[in-house]
Amino acid sequence: MTDYFFIYGKEDCTYCEAAKLLLHTKDLPFAYLDVGKNPEWRDPKWKKVPQVFHGSKHIGGYMALEAYLKG
């Protein structure tokens, strides 16, 4: 897992914060993109945040990220 993770989230999102903390504690590189401040980054198909990607692979939300990392 050498590609960056990308977390699309927004302020006051508990699961967004949890996703950032999870990747940080596992020392995995990630970028956080705030779709609340930058709505043009949000895909209209997304119903919820966070939306997590590993490189170009869509993982899903926080629970999907947990499962993905347990591998």
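Taking a sphere under 12 Å around the Cβ of A31 and counting the other residues whose Cβ falls inside, with K and R at +1 and D and E at -1, yields a net charge of -1. Restricting segment 1-69 to chymotrypsin sites (Phe, Trp or Tyr not before Pro) that sit in a DSSP loop and have at most 14 other Cβ atoms within 10 Å of their own Cβ leaves Y4, W46.
Counting Lys and Arg as +1 and Asp and Glu as -1 over every other residue whose Cβ lies under 12 Å from the Cβ of Y15, the net charge comes to 0.
Charged side chains reduced to their Cβ positions (Lys and Arg at +1, Asp and Glu at -1) give the chain a dipole of some 220 debye around its Cα centre. If you average the C-alpha positions of segment 36-71 and of segment 10-31 separately, how far apart do those two centres end up, in angstrom? Going from one Cα centre to the other spans 11 Å.
For the chain, the mean residue ellipticity at 222 nm estimated from helices alone is -9000 deg cm²/dmol, where every DSSP H run of n ≥ 4 contributes -39500 (n - 2.57) and the total is divided by all residues, rounded to the nearest 500. Using only the C-alpha atoms, the convex hull of the chain corresponds to 83 Å³ per residue.
Since every read-out is calculated from the coordinates, none of them should be taken as a lab result. As the structure is a computational prediction, the values presented were derived from the model and not from experiment. A quick note on method: Cβ atoms are made from the backbone with ideal geometry, for glycine too, and the neighbour counts reach across all protein chains shown.
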